[in-house]
Amino acid sequence: MRIAAPMLAFGLLAAPPALAQAPDAALLAGSCQGCHGATGEGGHGIPSIKQQQTRAEFVAAMRAFRANERPSTVMGRITRGYTDAEIAALAVHFGKPE
């Protein structure tokens, strides 16, 4: 049994790192629902984000919010929490196909 512990430790150290998973767009979209509605339809002064822009336009808008290059009330703060991969996943979820 004395050999088993070092072998186990070596096996754990030699294990490959976990692969990064693609962002779950449906899960990410849940954070948009509070303001933009369950399907992104908007309402009550909040714009619709459901297929109003192409995916590229959606990404550009989100990046502009994140960089404080586009005026907003809260979107600048919200988008700073998203990675480029997460913004791309949201674009696929909400944007119009190119």
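Considering Cα pairs under 8 angstrom that are at least six residues apart, work out the relative contact order of region 23-94 and quote it in whole percent. Write down the numbers at each step before the final one.
Working: 70 pairs, mean separation 26.2, N = 72.
36 percent.
May I ask you to sort Ile87, Ile46, Ile78 by Cβ crowding, counting other Cβ atoms within 10 Å and putting the fewest first?
Details: Ile87 20, Ile46 13, Ile78 16.
Taking fewest neighbouring Cβ atoms as first place, the list is Ile46, Ile78, Ile87.
Quick one: which residues, 5+ away or cross-chain, put their amide H under 5 Å from the amide H of Gly37? H built at 1.01 Å from N.
Gly42
Once a ≥ b ≥ c are taken as the square roots of the eigenvalues of the Cα gyration tensor of region 23-94, is the result rounded (a/c under 1.5), prolate (a/b larger than b/c) or oblate (a/b not larger than b/c)? Please list the in-between numbers first.
Numbers: a/c = 1.36, a/b = 1.07, b/c = 1.27.
Here region 23-94 falls in the rounded category.
When ranked by the protection proxy of mean other Cβ atoms within 10 Å per residue, highest first, what sequence do the peptides 24-36, 57-69 form?
Working: 24-36: 14.0, 57-69: 17.0.
The densest-packed peptide leads the list: 57-69, 24-36.
Taking a virtual spin label 7 Å from the Cα of Ala85 along the C-beta vector, which residues in region 19-38 bring their backbone nitrogen under 13 Å of it?
Under cut-off, by backbone N: 19-25.
Under the rule of at least 5 residues apart or a separate chain, name every residue whose amide H is placed under 5 Å from the amide H of Lys96.
Under 5 Å from the amide H of Lys96: Gln51, Gln52, Gln53, Thr54, Arg55.
If you plug each phi of region 46-63 into the Karplus form 6.51 cos²θ - 1.76 cosθ + 1.60 with θ = phi - 60°, what whole-Hz ³J(HN,Hα) values come out, in order, with x for Gly and Pro?
Using θ = phi - 60°, the values come out as 9, x, 6, 10, 7, 6, 8, 10, 5, 4, 5, 5, 4, 4, 4, 5, 5, 5 Hz.
For region 69-82, what does the Karplus curve 6.51 cos²θ - 1.76 cosθ + 1.60, with θ = phi - 60°, yield as ³J(HN,Hα) per residue in whole Hz, taken in order and with x for Gly and Pro?
For region 69-82, the Karplus-derived couplings read 9, 10, x, 6, 8, 10, 4, x, 5, 5, 5, 5, x, 9 Hz, x marking Gly and Pro.
About the Cα centre, and with charges only on the beta carbon of Lys, Arg (+1) and Asp, Glu (-1), how big is the dipole of region 23-94? Nearest 20 debye, please.
Working: 7 positive and 6 negative charges, 35 e Å.
The calculated dipole for region 23-94 is roughly 180 debye.
What are the ³J(HN,Hα) values, in whole Hz, obtained from phi via the Karplus relation 6.51 cos²θ - 1.76 cosθ + 1.60 with θ = phi - 60°, for each residue of region 83-98 in sequence order, with x given for Gly and Pro?
Listing the rounded values in order: 7, 4, 5, 5, 5, 4, 5, 5, 5, 5, 5, 9, x, 6, x, 5 Hz.
With 10 angstrom as the radius, rank Thr73, Thr54 by how many other C-beta atoms surround their C-beta, starting from the fewest.
Thr73, Thr54
Every read-out reported here was derived from the displayed coordinates using simple, explicitly stated rules and does not represent laboratory data. Every value quoted in this text rests on a predicted model; they were computed, and no experiment measured them. Please note: Cβ atoms are built from the backbone with ideal geometry, for glycine as well, and neighbour counts cover all protein chains shown.
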